[in-house]
Structures are given as C-alpha cells and as structure tokens.
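Below is one structure, written out as structure tokens; comments come after it.
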Amino acid sequence: MNNLRVFLFICAAACPVLTAHGQSLVQFPKGPAEWTVAIVPGYSNGHPPYPAPSTSPELQIKKIDITKVDGVSRALLTWGDGRTTERWGYDQYHFMILTETYNGQPTFASDLDIQPGGAYYVGFDASSFAWLEPKCLKDTVVYQHKKCYHYQGTVPIQVFKFSNTNRVVAGIDLFCEAWIDQDTLLPVALYDGSMLGVFTFHDPPTTPVTPPPKVQAALQHFIAAATPLR
C-alpha cells in the first residue's frame, strides 16, 4: 500500500434492500449488532471467482467476526495459519484502517480497494446485498437447515488492474448468490463473487466498539491531514 492515495468521502448509511412496494428483501439487526461469517472453501456457481481465492492456506480467510456499534465497525479476520488481523470502518468516512501490514502499524485503504472486488474488501454486511431485487429470486430451498429465498444476480464493479506497470481501472461483473431466511429475512449465506460465507448472528454487544490506541491515533492523524486549513 505504498504511496496509497487516500480520499475522504462522506457516506450515507447502508439502506435496506426494498422491493418496489417498500418491502425489505433482507434484514440486518437494528442497532448494535455482532455476527460471524464462516468462509466455505471451494464453492463455485459456474463463473470464475473474482478475486480468485489464494491457494496458500495462510492467505485464505477462514472466518470474519463483525461488530458494529454507533457507526464504527470492526472486522476480525482469521486466516488459515491462525493469524488474526483487524479492519476498522467508519460510516462517516469512506476508508478502512488496516492492521495487517508487515510491521503491524495501521495503514489506510480507500477508493476501489475497499469496494467489492477490491484488495481489502470485507463485505458480508447490508451493503453486500444492494444488488438484490425481486427479479433475482431463483427459487426457494432448504439451506443450512433453514427455508430460504435463493437469489442470483450480477454486480457490475470497477477494479484496479495493471497494464504496462500502470494501475488502471477496469469494469467487470461479479456473479453473486444469496440465501435469505424466509421467516426472519436475516441472511443465511452469501456468495459475493469470490467467497461463500455462512452467517451466524449473536446477541447484540452491550459495550462500545473501541479501536486500539494506535488505530485511534491513525484516524485522528488522517482527519487532521484531510481537514483544509482555514
């Protein structure tokens, strides 16, 4: 992430996915929430995954523990070799703070790197289901012992690619699937075009999500650097 250009945007909170009649197609818990996404290796829906999962176990994500409280989110990634790294997100800003650098110091990722298909995309939250619409409903199935609505659809995205050592933007389609609990409308599983994740929702957290001091310091440093001088 050397010479990373960081951009600051004001973001709107993720909106629920609604039908034309205002009915939600998927629901996430309101207020403080916590859930785990177990990554299922080897899944394919017949389309090439993007980005293609690594063949090195130490670079494969095994699970993601996500906690969101008052606009702050913490994604704890557990890797194939047992390592854990954190990615901190803020509803107010369009970037993430990463701790998986070689020296353990926080760094920033933004722009296309944190969008679907990006190098530091986490997903598996409400924003990952923005592509859902009634016409994407394929069938109803029993999945993970739950009666589910089964959706399939494509998500057009822009990604960074390299051409003659230059990083350029290219457009591709992600082929996604979702399984939604018929009774609760909670997500049961999602294939985001690269990984299949199965959701388990926990009791809501009762304490704030507090970044470690080095992450808080990095956030304040960036905010100060991005604030125009008066």
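The values are calculated or read from the model by the stated rules, or taken from the named source; none is laboratory data. What you see is a predicted model, and the numbers here were worked out from it, not measured in a lab. Cβ atoms come from the backbone with ideal geometry, glycine included; neighbour counts cover every protein chain shown.
Of the residues PRO53, PRO29, PRO49, which single one is modelled with pLDDT of 90 or more, part of a loop (DSSP other than H, G, I, E, B) and either on the phi < 0 side of the Ramachandran plot or of a type in the set (S, T, N, Q) (or both)? Reasoning before the result, please.
Values: PRO53 fails: modelled with pLDDT of 90 or more; PRO49 fails: modelled with pLDDT of 90 or more.
When all the criteria are applied, what remains is PRO29.
Might you let me know whether the stretch 162-172 holds any residue that is at pLDDT 75 or above and part of a strand (DSSP E or B)? Talk me through it step by step, then tell me what you get.
Pass one, the stretch 162-172, residues at pLDDT 75 or above: 171-172.
With the extra rule that they be part of a strand (DSSP E or B), the set shrinks to 171-172.
Within the stretch 162-172, one or more residues are at pLDDT 75 or above and part of a strand (DSSP E or B).
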Determine whether ASP65 is out of contact with any Phe, Trp or Tyr (no Cβ under 9 Å at 6 or more places or on another chain) and acidic (Asp, Glu).
-> no
Taking the stretch 68-79 and keeping only residues that are of a type in the set (Gly, Ala, Ser) and either in contact with a Leu (Cβ under 7 Å, 6 or more places away or on another chain) or in a strand (DSSP E or B) (or both), one is left with SER73, ALA75
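Pull up the stretch 128-147, narrow it to residues that are surrounded by fewer than 16 Cβ atoms within 10 Å (Cβ to Cβ) and touching a residue at least 40 places away in the same chain (Cβ under 8 Å), then point me to the one that is farthest from ILE157 (Cα to Cα). I'd like the intermediate steps shown before the answer.
First pass over the stretch 128-147, keeping only residues surrounded by fewer than 16 Cβ atoms within 10 Å (Cβ to Cβ): 130, 133-135, 138-142, 144-145, 147.
From what is left, the residues that are touching a residue at least 40 places away in the same chain (Cβ under 8 Å) are 130, 133-134, 140, 144.
On the way: ALA130: 13, GLU133: 17, PRO134: 21, THR140: 27, GLN144: 29 Å.
In this case the residue turns out to be GLN144.
Filter the stretch 177-208 down to residues that are among the hydroxyl-bearing types (Ser, Thr, Tyr) and in a loop (DSSP other than H, G, I, E, B) and give me whichever is farthest from GLN144 (Cα to Cα). First the steps, then the outcome.
Step one: filter the stretch 177-208 for residues among the hydroxyl-bearing types (Ser, Thr, Tyr), giving 184, 191, 194, 200, 206-207.
Restricting the remaining residues to those that are in a loop (DSSP other than H, G, I, E, B) gives 184, 194, 206-207.
Details: THR184: 14, SER194: 20, THR206: 28, THR207: 30 Å.
Per the stated criteria, the residue is THR207.
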Out of (1) part of a strand (DSSP E or B); (2) in contact with a Lys or Arg (Cβ under 9 Å, 6 or more places away or on another chain), the odd one out for GLN105 is which?
-> (1)
Any hit, the stretch 60-67, residues being of a type in the set (Ser, Thr, Tyr), within 17 Å of PRO204 (Cβ to Cβ), touching a Pro at 6+ places or on another chain (Cβ under 9 Å) and at pLDDT 85 or above = yes
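If a residue has to be part of a loop (DSSP other than H, G, I, E, B), at pLDDT below 95 and in contact with a strand residue (DSSP E or B) (Cβ under 7 Å, 6 or more places away or on another chain) to count, how many in the stretch 119-155 make the cut?
So the first thing to find is which residues in the stretch 119-155 are part of a loop (DSSP other than H, G, I, E, B), and the list is 119-125, 130-133, 144-145.
From the residues that got through so far, the ones that are at pLDDT below 95 too are 119-125, 130-133.
Narrowing further to those that are in contact with a strand residue (DSSP E or B) (Cβ under 7 Å, 6 or more places away or on another chain): 120, 122, 124-125, 130-132.
Going through the stretch 119-155 one residue at a time, the tally reaches 7.
Given the structure, is PRO211 part of a loop (DSSP other than H, G, I, E, B), touching a strand residue (DSSP E or B) at 6+ places or on another chain (Cβ under 7 Å) and modelled with pLDDT of 90 or more? I'd like the intermediate steps shown before the answer.
Details: part of a loop (DSSP other than H, G, I, E, B): yes; touching a strand residue (DSSP E or B) at 6+ places or on another chain (Cβ under 7 Å): yes; modelled with pLDDT of 90 or more: no.
Here the answer is no, as PRO211 does not meet what is asked.
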